């Protein structure tokens, strides 16, 4: 068990270093030729990665983030089905005239 506890932090540090190194290699391969920028060091690459994380919120893991929220209400398809079931025939016809029945998103199947 102690070997596993020691291995886990070393693994994550190694993976972080590998990602930073790959970012540095890609930058140094592409950016100087494309945009006439200078080469960067390992630590500058680490700073760029951290800045991207802060600005764009990438690298989501697990069930965190806006794209993985639990859908207690069943998600957009279930919401649409409930909305469709509550529409009158006139509203359903208006919807079909406006949006049609293209592809898999066919309103007449929504109430089933």
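Computed from the coordinates by the stated procedures, all read-outs in this text should not be read as laboratory data. None of these values were measured; they are calculated from a predicted model. Backbone-built Cβ (ideal geometry, glycine too); neighbour counts: all protein chains shown.
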Here, residue 92 and residue 37, labelled 7 Å along Cα→Cβ, have an inter-label distance in nm of 5.5 nm
If we count other beta carbons within 10 Å of each Cβ, what is the order of 30, 55, fewest first?
-> 55, 30
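Within 10 Å of each residue's Cβ, count the other Cβ atoms and sort 22, 5 from fewest upward.
Details: 22 11, 5 8.
So the residues, fewest neighbours to most, are 5, 22.
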Order of 6, 40 under a 10 Å beta carbon neighbour criterion, fewest first | 6, 40
Measure out, as a whole number of angstrom, how far apart the alpha-carbon centroids of the range 20-38 and the range 73-92 sit.
-> 50 Å
